[in-house]
Amino acid sequence: RMPYGGRNFEYYSEDGFLSGAICAAEVKGIQEKGVDVVIKHFALNDQQTNRSDGLCTWSTEQAIREIYLKPFELAVKEGGVKALMTCYNKVNGTYGSENQHLLRDILYNEWGFDGLVVTDWGANNDRVEGIKAGLTLEMPSCNGITDRQLVSAVQSGELDEKLLDEQLDRLLDMVF
């Protein structure tokens, strides 16, 4: 939302409803051809500078829902988008890929999203917390490092295996 944002070319409009309506229509059109769409960056990704270095975007719930989430909500509910990519930044103190309020509470439970959530490249910070929040896929590959962390977390009881299975089901649904 600033002229030197660096990624402004990726956004349709600063109007949440207009962006969401355009996105939902584009998602429908693309997915009608058998191609799954991934939209990004969920959510509050409006600054390029230092976005991968712990930037935290603070906002009220009302602004989050009316401004930042409206395009995503329309893409999910009206467009039926199959995947979302998380943001690098923190949202009200928690990284986007670990934010239970954004992912589990709003995206999955409130909006009924049934697709997968993928990190931006290198945006994984704590994969165990990510899985708890609703993260499906870490990108790029961790070469087994965070996979072993997931196994340890399940074995120690820190992570409920059902949450891991839930995300595996989402991934397999997209694959097949």
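The values are calculated or read from the model by the stated rules, or taken from the named source; none is laboratory data. Just so it is clear, the structure is predicted and the values come from calculations on it, not from any experiment. Heavy atoms of the whole protein, side chains included, go into the accessibility calculation; ligands, DNA and RNA do not. Shrake-Rupley method; radii C 1.70, N 1.55, O 1.52, S 1.80 Å.
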**Fill in**
Projected area averaged over all directions for the convex hull of the alpha carbon atoms of the chain, nm², comes out at 10.1
**Average accessible area per residue (Å²) across segment 38-176 - probe 1.4 Å, nucleic acids and ligands excluded** = 48
**Prompt:** Rounded to the nearest 10 Å², what accessible area does residue 104 show when all protein chains are kept and the probe is 1.4 Å?
**Reply:** 40
**Asked** By accessible area of protein heavy atoms, probe 1.4 Å, what ranking do 59, 97 get, highest first?
**Response** 59, 97
**Complete:** Taking the alpha-carbon centre of each part, the distance from segment 127-176 to segment 67-85 in Å is 23
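So if each residue of separation counts as 0.36 nm, and I subtract the Cα-Cα distance between residue 58 and residue 126, what length gain in nm does that give? Spell out each step's value before the answer.
On the way: separation 68, 0.36 × 68 = 24.48 nm, distance 2.05 nm.
Using 0.36 nm per residue and subtracting the Cα-Cα distance, I get 22.4 nm.
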**Residue-level accessible surface for residue 17, protein heavy atoms, 1.4 Å, Å²** = 130
**Request:** Could you check how much of the accessible area of the chain is carbon and sulfur, as a whole percent, using a 1.4 Å probe?
**Result:** 51
**Prompt:** Quick one: how many Å² of residue 66 are accessible to a 1.4 Å probe, rounded to 10?
**Reply:** 110
**Request:** Just list whichever of 82/162; 33/132; 40/132; 28/162; 70/162; 90/132 have alpha carbons separated by over 28 Å in the model shown.
**Result:** 33/132; 28/162; 70/162
**Asked** Long-range amide H contacts for residue 40: which residues qualify at under 5 Å (H placed 1.01 Å from N, peptide plane, sequence gap of 5 or more or a different chain)?
**Response** 85
